[in-house]
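One structure is given here, and the rest of the page talks about it.
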Amino acid sequence: MIQLIILPILQIVVIVGLSPLVKGFINKTEARFQCRRGPSLFQPYYNLTKLLRKDAVVSETASWIFRATPYVTFISILIIALLVPVLSSTVPANFTGDVILVIYLFALGRFFLVLSSLDTGSAFGGIGGSREMAISSMAEPAMMLSVFTVAIISGSTNLSNITQAMLSYKLLSPALFLALAALVIVIIAEAGRIPVDNPFTHLELTMIHEGMILEFSGRYLALIEWASCMKLLILLTILVNTFLPWGVASGLTFPGLIISFAFYVVKIGFFALLIAIVESSFAKVRLFRIPNLLGTSFILAVLAIITHYIVS
Amino acid sequence: MKQHIIVNSQTIDVLAVMMLMATVLHISTSRLTTCVWAYAIRSFILACASGLIAYYSGIYHIFITTGITLVIKVVIIPGFLFYIIKKVGIKKEVESYLSFTLSLLCSCGVILIAYYATEPIIRFESTFMRHCLPVSIAITLVGFFTMITRKKAITQILGLLAMEDGLFFAALSTSYGMPLIVELGVFFDILVSVIIMGIYVYRIKETFETTDTGFLRELRE
């Protein structure tokens, strides 16, 4: 009973509540690397509350898809938040689906975002949408393969079982190592971070995600921004809790959850720091070079599976 | 003791896979300096692996080869290649006869061939260092592949060096390395050949205003 009520609330609070903080942390760290003081850690929260209070301006030519998109995106990400193990290896919505559902819920949100970017007839939206689709068509196979490597090793596609199985895996095996490297590259592409997409730019020719959401304003924009913060946090959560599930509580005891939360914060902080370092030290690659990056990730994932099948 | 060996063989396996990842970096990057960095990183991991193998196997002459690897392959050869790149003033990126994506996919295929070819051998092997043989064969083949498909002379040198790395690692992981005198000879060979090829790159550049070896096939007055 407690598990039915407490765990979903806890997961939603952690994912929804902490995701803007992760963004703030990355922004602050990058500012530090550039010798600036940077905005406060809580700046994303201020932005979101400001946007939520404002009214949305919707183009006259926009159809219902445009109005539905923010809700579809937000809710699809919210459902994913219930499907991944965050603090405990038990997952609230365990009975509904596995990692394949997670990947396709991401795809659903993205699909609606692309539709709405085409909906208003803005040229930038179209460019952003087509680029997003091109990139995701390359990122998705790599992501699937690297997640499937873990699924094959642990013998289940259910994220809860994967975490449970990985908890007993003491050392990182070579196949997992390759899959981890592949997934890191894919996460950077999926979350629209720097070698692939610049989240700060509004320059016409380079924006991808920003181009798609250019027509949104007010509370719609707030929902989409929040959803993209949550997407980054969820991707990082999948990464740390499937590949490095140290400290994840296997039961639902109070001290266990506290320890698990401390480990979680440290691990997410480490990967957020890694993203900030990568963003500060690399330039955004040219659009036509992105297939090389994602192709590399795909090859690493293929090698991971082959390594597991042939050698182990 | 048994547990000890399993743990350290897994460490060496992970190092082998890291070498493979450095090789993938070598084929997937478009910058010449990153290629050289990939070589330096792979050589460093190779030195770590050979140090571990020396420590756990108790064959101490491998320590000597580890030290020479660190000095020659991690410091001298990459430093020399950086010096040549600077001196010749190569600004263009890596050029290949195949398109980039195609060459990535081909290298992936080559690596898969290496895995399938070594599968019957490692199937009957004990658990000790099972990943090393396929990885070393893969590095050798990928080095060969980059030698064939890349246009610039420096990238061809890097391909040769990758082949040498792969062979060295294969010898090390299957039979704890060759006799010390052979290793020394190979190191000396590789050092001299890199220096000779560096001079050769410089001469090509002086004669043709480019380091593209494709021009060597053209007849000239």
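Tally up the residues in the range B:157-182 that are within 24 Å of B:V14 (Cβ to Cβ), surrounded by fewer than 21 Cβ atoms within 10 Å (Cβ to Cβ) and over 13 Å from the mean Cα position of the chain (by Cα), please.
Selection size over the range B:157-182: 4.
Looking at B:I53, B:I5, which is the one that is of a type in the set (V, I, T), within 25 Å of B:I111 (Cα to Cα) and at pLDDT below 90?
Every option except B:I53 fails the conditions.
Condition first: more than 16 Å from A:E190 (Cβ to Cβ), exposed (fewer than 14 other Cβ atoms within 10 Å of the Cβ), over 15 Å from the mean Cα position of the chain (by Cα) and away from chain B (no Cβ under 11 Å). Can you find one or more residues in the range A:236-249 that meet it?
yes
Among the numbered conditions (1) crowded, with 18+ Cβ neighbours inside 10 Å; (2) more than 12 Å from chain A (Cβ to nearest Cβ), tell me where B:S28 comes up short.
(2) is the only condition that B:S28 fails.
Before we move on, is B:I59 away from chain A (no Cβ under 14 Å) and among the hydrophobic types (A, V, I, L, M, F, W, C)? Step through it out loud before you land on a result.
Details: away from chain A (no Cβ under 14 Å): yes; among the hydrophobic types (A, V, I, L, M, F, W, C): yes.
Yes, satisfied.
Are any of the residues in the range B:98-105 touching a residue at least 12 places away in the same chain (Cβ under 8 Å) and either of a type in the set (G, A, S) or out of contact with any helix residue (DSSP H, G or I) (no Cβ under 7 Å at 6 or more places or on another chain) (or both)?
Residues of the range B:98-105 that are touching a residue at least 12 places away in the same chain (Cβ under 8 Å), as a first pass: B:98, B:100, B:103-104.
Narrowing the set further to residues that are either of a type in the set (G, A, S) or out of contact with any helix residue (DSSP H, G or I) (no Cβ under 7 Å at 6 or more places or on another chain) (or both) leaves B:103.
Yes, some residue in the range B:98-105 is touching a residue at least 12 places away in the same chain (Cβ under 8 Å) and either of a type in the set (G, A, S) or out of contact with any helix residue (DSSP H, G or I) (no Cβ under 7 Å at 6 or more places or on another chain) (or both).
With B:I148, B:I154 as the choices, which residue is under 22 Å from B:A38 (Cβ atoms), under 16 Å from the mean Cα position of the chain (by Cα) and surrounded by fewer than 18 Cβ atoms within 10 Å (Cβ to Cβ)?
Among B:I148, B:I154, only B:I148 is under 22 Å from B:A38 (Cβ atoms), under 16 Å from the mean Cα position of the chain (by Cα) and surrounded by fewer than 18 Cβ atoms within 10 Å (Cβ to Cβ).
Test A:F124 against the criterion of being part of a helix (DSSP H, G or I), modelled with pLDDT under 90 and touching a helix residue (DSSP H, G or I) at 6+ places or on another chain (Cβ under 7 Å), and give yes or no. It would help to see each step written out before you state the result.
Numbers: part of a helix (DSSP H, G or I): yes; modelled with pLDDT under 90: yes; touching a helix residue (DSSP H, G or I) at 6+ places or on another chain (Cβ under 7 Å): yes.
For A:F124, the condition - part of a helix (DSSP H, G or I), modelled with pLDDT under 90 and touching a helix residue (DSSP H, G or I) at 6+ places or on another chain (Cβ under 7 Å) - is met.
Checking the structure you have, find out if any residue of the range B:87-97 is in contact with a Leu (Cβ under 8 Å, 6 or more places away or on another chain) and in a helix (DSSP H, G or I).
No, because not a single residue in the range B:87-97 is in contact with a Leu (Cβ under 8 Å, 6 or more places away or on another chain) and in a helix (DSSP H, G or I).
When you go through (1) under 25 Å from B:S57 (Cα atoms); (2) more than 9 Å from chain A (Cβ to nearest Cβ) one by one for B:T149, which number turns out not to apply?
(1)
Just to be sure, is A:V14 in a helix (DSSP H, G or I), crowded, with 18+ Cβ neighbours inside 10 Å, without any contact (Cβ under 8 Å) to a residue 60 or more places away in the chain and within 17 Å of the chain's Cα centre (by Cα)?
no
Please state which one of B:E164, B:E209 is of a type in the set (D, E) and within 22 Å of B:I45 (Cβ to Cβ).
B:E164
Quick grid of which residues meet (1) touching a helix residue (DSSP H, G or I) at 6+ places or on another chain (Cβ under 6 Å); (2) among the polar types (S, T, N, Q); (3) under 24 Å from A:I26 (Cα atoms):
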| residue | (1), (2), (3) |
| --- | --- |
| A:F254 | no, no, no |
| A:Y264 | no, no, yes |
| A:F270 | no, no, yes |
| A:V278 | no, no, yes |
| A:A283 | no, no, yes |
| A:F288 | no, no, no |
| A:I299 | yes, no, no |
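Quick check on the range A:255-291: of everything there that is farther than 24 Å from A:L176 by Cβ and in contact with a Leu (Cβ under 7 Å, 6 or more places away or on another chain), which residue is nearest to the other protein chains (Cβ to nearest Cβ)?
Restricting to residues being farther than 24 Å from A:L176 by Cβ and in contact with a Leu (Cβ under 7 Å, 6 or more places away or on another chain), the top hit is A:V285.
The values are calculated or read from the model by the stated rules, or taken from the named source; none is laboratory data. Remember, predicted model here, so these are calculated numbers, not experimental data. Neighbour counts run over all protein chains shown; Cβ positions are idealised from the backbone, glycine included.
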